[in-house]
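Single-structure report; data block below.
The values are calculated or read from the model by the stated rules, or taken from the named source; none is laboratory data. Source: prediction; values computed, not measured. All Cβ positions, even for glycine, are placed from backbone atoms using ideal geometry, and neighbour counts span all protein chains on display. SASA here: full protein model, heavy atoms, side chains in, ligands and nucleic acids out. Shrake-Rupley method; radii C 1.70, N 1.55, O 1.52, S 1.80 Å.
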Amino acid sequence: MAKGIASTRLQREDSFRLRAYGSIRSFIDGGERKLSNSFFFSRQQSQRPSECPEYDSVSMSKLRRESSFLRRGSVSSSWSISDSSGSGSNNSGNSQTQSQYQQHQQQLQQHCRDPLLGWLEIAISYREAFHSLDCTMVRARDLPAMDAAGLADPYCKLNIITPEAHTKYTRWQRTKTVHKTRNPEFNETLQFVGVEPEELGNSLIYVALFDDDKYGHDFLGAAKVCLSTVHSTSQYRISVPLGVEDQYSNAAEMAQNWPNGKMLLSLCYNTKRRALVVNVKQCINLMAMDNNGSSDPFVKIQLKPDAHKNKKHKTSVKWRTLNPIYNEEFYFEASPHDLNKEMLILTVWDKDLGKSNDFLGSLQLGAQSKGERLQQWLDCIRLPDHFHEKWHCLAPDNPAH
């Protein structure tokens with residue numbers, strides 16, 4: 001009888017151990033599969049479909065190495081869990097592997113978080129006899145939409161980045177604008193003269209894409225191509241992904257000339273008053289219209305077409321300055337439905353006593369705007385009772401004419 005009880009207890013304990021081991025093993029295997037699936041899914045999201053085989057083979061092999069490392073890291077971490085009672089040297093090695101795995105996973109997560117803004121196909125050749133680097137912008141694909149119709153007006157700006165992380169030329173090269181498309185065919189060659197052969201090894205070609213608009217050129221994407229693979233005997237052709245803006249794209253944007261200055265504008269739709277609140281914050285770098293090298297600027301604001309017959313507003317005059325600060329609010333009665341069909345028009349003027357005022361610049365925001373202007377207008381409607389603030393460039397044309 002005692003032997004039977006002991007045998008039953010032993011069977012129960014073995015069964016419990018088997019069930020426990022099975023649940024732990026399935027948990028570990030499930031974690032490995034989940035990690036591998038998430039990595040594979042991230043790779044699928046960050047890559048184009050298989051119909052575009054021209055991607056850089058170096059980056060593809062790097063992704064494969066990362067995948068295999070990640071798989072090895074997950075196996076090593078599960079082994080360290082199940083064998084935590086081993087020797088000290090094993091624990092030390094496993095902890096080192098775990099730390100490497102965690103660091104690598106953080107880098108992968110950061111890489112996967114970076115949005116993909118499209119693709120750029122570029123062809124580069126070097127003519128050593130002329131010390132000339134020829135960059136052909138072939139085409140771009142899947143660029144971000146900038147207007148309500150889902151289109152853009154893209155163009156490229158190029159420069160060479162030296163090993164010291166500086167731009168080689170103060171003037172950025174620019175392609176023509178291709179209108180009303182997210183898949184532009186540029187087919188334009190830009191030439192950089194004065195490039196020595198020894199510079200190719202550690203330099204980069206930097207390409208930034210912008211949307212052409214008179215109220216500000218909005219960023220579309222940027223790419224870097226290493227010049228060490230460029231040979232004097234053949235043309236190097238590659239498709240590269242477009243990433244987020246950085247210091248070089250900001251420099252390319254700042255290099256663009258805006259003689260009429262910029263305006264900082266804040267918008268809010270007030271649901272209690274059922275009104276659009278316009279806060280004119282400030283302007284910078286306005287044109288000088290007076291003999292003393294200054295201006296006396298003020299801003300006129302109106303909403304068109306105006307279903308509620310709101311009056312036109314204007315700010316106070318700021319005397320003798322090209323960088324006026326206003327911080328003045330104005331209310332326009334309107335419904336969210338009305339705002340989808342209306343346009344906010346702001347014009348900046350130089351106050352002249354005894355004669356007509358001089359026009360300094362204009363800005364229009366509405367559902368027919370593009371880029372940052374359209375984004376601010378839609379944010380104002382979709383996220384009411386919050387102020388949405390952005391800088392915009394002033395255009396040289398007067399919308400009243």
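Structure values in brief
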{"quantity": "Projected label distance in nm at Asn292 and Arg237, using a 7 Å step from Cα toward the beta-carbon", "calculated": "6.3"}
{"quantity": "Stretch gain in nm, segment Gln375-Asp142, where the contour uses 0.36 nm per residue and the Cα spacing is subtracted", "calculated": "82.0 nm"}
{"quantity": "Under 16 Å from the Cα of Lys272 - lysines, other chains or at least 8 residues apart", "calculated": "none"}
{"quantity": "Along principal axes, Cα extents of segment 262-393, largest first, whole Å", "calculated": "46, 28, 24"}
{"quantity": "Residues whose placed amide H lies under 5 Å from that of Glu328, excluding near-sequence neighbours", "calculated": "Val280"}
{"quantity": "Note, ³J(HN,Hα) from phi for segment 185-190, Karplus 6.51, -1.76, 1.60, rounded to Hz, x at Gly and Pro", "calculated": "9, 7, 6, 10, 9, 10"}
{"quantity": "For Lys304, solvent-accessible area (1.4 Å; no DNA, RNA or ligand), Å²", "calculated": "100"}
{"quantity": "Share of Cα-Cα pairs in segment 309-372 lying beyond 13 Å, as whole percent", "calculated": "74"}
{"quantity": "J(HN,Hα) series, segment 376-381, from Karplus relation 6.51 cos²θ - 1.76 cosθ + 1.60, nearest Hz, glycine and proline x", "calculated": "5, 5, 5, 4, 4, 7"}
{"quantity": "Full-extension gain in nm, Lys180 to Asn340, via 0.36 nm per residue minus C-alpha separation", "calculated": "55.4 nm"}
{"quantity": "Proximal charge balance of Ala152 [Cβ under 10 Å; K/R count +1, D/E count -1]", "calculated": "-3"}
{"quantity": "Segment 118-255: C-alpha pair distances exceeding 25 Å, %", "calculated": "22"}
{"quantity": "Mean Cα-pair separation over length for segment 262-393, i.e. relative contact order, pairs under 8 Å, 6 or more apart, %", "calculated": "31"}
{"quantity": "Unsatisfied cross-links (Cα-Cα over 20 Å) in the set Lys312/Lys370; Lys309/Lys370; Lys180/Lys370; Lys300/Lys390; Lys168/Lys214; Lys370/Lys390", "calculated": "Lys312/Lys370; Lys309/Lys370; Lys168/Lys214"}
{"quantity": "Residue-level accessible surface for Glu185, protein heavy atoms, 1.4 Å, Å²", "calculated": "80"}
